[in-house]
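Let me begin by presenting the structure, written as structure tokens, before commenting on it.
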Amino acid sequence: MTSVADTLLDSDFADAVVRGLSQPRKVIPARYLYDRRGSELFEEITELPEYYPTRTETGLLNAHAPEIGRIAGTGKVVVEFGSGSSTKTPVFVEALRAAAYVPIDISASFLRDAAARLARMLPELDILPVAADFTKPIALPSAVKGRPMIGFFPGSTIGNLTHAAAVDLLRAFRATLGGEPWLAIGIDLRKNPRLIEAAYDDSAGVTAAFNLNLLARINRELDGNIPLDAFEHRAPWNDDLGRIEMHLAATRDVRFHAGGETFSLREGETIHTENSHKYTIEEARLLARAAGWRPVRYWTDARALFSFHLWRG
Ligand code: AVI
């Protein structure tokens, strides 16, 4: 069934595609990678041998969530931003002995499924889902307003934003949580670029399928006729900007229509579809301060692949 949110999203998608493909450097915002198929492919990515972030962060949470509870205090309302499938949630809400859990996600259907799954696992937990765009300040359910809050933002999703947008988002989190909140956030670390490139261009081709699904989505939803065999996935490390990028590169000159417009790309020209910024520990702490948060503690794994931080508002 199509909800109001889905309908709004569709017209946003059309605008973003037409605008993004009309520019000299073609770009489509990364959030459009996540239709149902894209979300399924992303779940597959998280289990790939090369994709170290999910496994490493899960290890950090298993090892340190009780300590986070001891430092921040238990019995708070846990607000998860962009909760998705909520896979890392149980260990966190249990260690924090959460008074309630508020998952926020743009996809109402994903939210419903994840909340139902979590309710079966943790029947005692009060779950109050909110379908909203978490990049803007959000009014939380009145049942939890004014209660002590801890935001939960795992997965290094913060890395998908430019530095300026990341600061804005972290400020919006403070506004949403209100009072003197805490934030528990996962941030992927800068490391040997070869390791990062492998994580974003895996040997099984799942990340390539995830990226190319965006073109298939345009064909499906925006009446497009993009020849998918004229594009390939690329994931170059950009050392100056400290980020891995995803692009869809034309393997030959190509012309197609989508969203009622006609577009053409020369061989080698790309559509930029995602950035995933990597931070040093000091950069992550600076990011916190720039957004009005005070870094309290952080944890990393033995190989320094990934970091998990606790901040105070
Ligand atoms: C969702 N986000 C944190 C992922 C990342 O690692 O930047 C998205 C992703 N793109 C390709 N692989 C994973």
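Below, the figures for the structure above:
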quantity: Within straight-line cross-link reach of Lys191, lysines at Cα separation under 23 Å, skipping those fewer than 8 residues along the same chain; calculated: Lys278
quantity: Rg(Cα)/(2.2 N^0.38 Å) for the stretch 154-313, N = residue count; calculated: 1.24
quantity: Alpha carbon convex hull of the stretch 133-246, projected area averaged over orientations, nm²; calculated: 10.1
quantity: 0 to 90° range, to nearest 10: angle between helix 163-177 axis and the chain longest Cα axis; calculated: 40
quantity: The chain - share of DSSP beta bridges that are antiparallel (%, nearest 5); calculated: 60
quantity: Candidates Asp168, Asp253, Asp133, ranked by Gaussian network fluctuation over the chain, Cα under 10 Å, top entry; calculated: Asp253
quantity: At 1.567 mPa s and 4 °C, Stokes D of the stretch 231-313 from Kirkwood alpha-carbon radius, µm² per second; calculated: 81
quantity: Estimated 222 nm signal from helices in the chain, with DSSP H stretches of n ≥ 4 weighted -39500 (n - 2.57), rounded to 500; calculated: -12000 deg cm²/dmol
quantity: Stokes-Einstein translational diffusion, the stretch 77-121 - Kirkwood Rh over all Cα pairs, 1.567 mPa s, 4 °C, in µm²/s; calculated: 124
quantity: P(r) weight above 19 Å for the stretch 211-264, C-alpha pairs, percent; calculated: 35
quantity: Stokes-Einstein D (µm²/s) once Rh is taken as the Kirkwood radius of the chain over alpha-carbon pairs, at 4 °C in 1.567 mPa s; calculated: 64
quantity: Degrees separating the helix 206-221 axis from the principal Cα axis of the chain, which is the longest one; calculated: 70
quantity: Normalised alpha carbon radius of gyration of the stretch 1-134 [divisor 2.2 N^0.38 Å]; calculated: 1.23
quantity: Carbon and sulfur %, accessible surface of the stretch 231-313 computed with the full protein complex present, 1.4 Å; calculated: 43
quantity: Between helix 108-121 and the chain: long-axis angle, C-alpha atoms, 0 to 90°, nearest 10; calculated: 40
quantity: Relative packing of peptides 182-191, 54-63 - highest average C-beta neighbours within 10 Å first; calculated: 182-191, 54-63
quantity: Ordering of 72-82, 137-147 by packing [mean C-beta count within 10 Å, highest first]; calculated: 72-82, 137-147
quantity: Mean accessible surface per residue for the stretch 53-182, computed with a 1.4 Å probe while every protein chain stays in place, in Å²; calculated: 43
quantity: Zone residues, the stretch 45-65, relative to Ser203, backbone N less than 13 Å from point 7 Å out along Cα-to-Cβ; calculated: 49-51
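The values are calculated or read from the model by the stated rules, or taken from the named source; none is laboratory data. None of the values given here were measured: they were computed from a predicted structure. Heads up, the Cβs are rebuilt from the backbone with ideal geometry, glycines too, and the neighbour counts pull from every protein chain shown. These area figures cover heavy atoms from the full protein model, side chains too; ligands, DNA and RNA do not enter into them. Shrake-Rupley method; radii C 1.70, N 1.55, O 1.52, S 1.80 Å.
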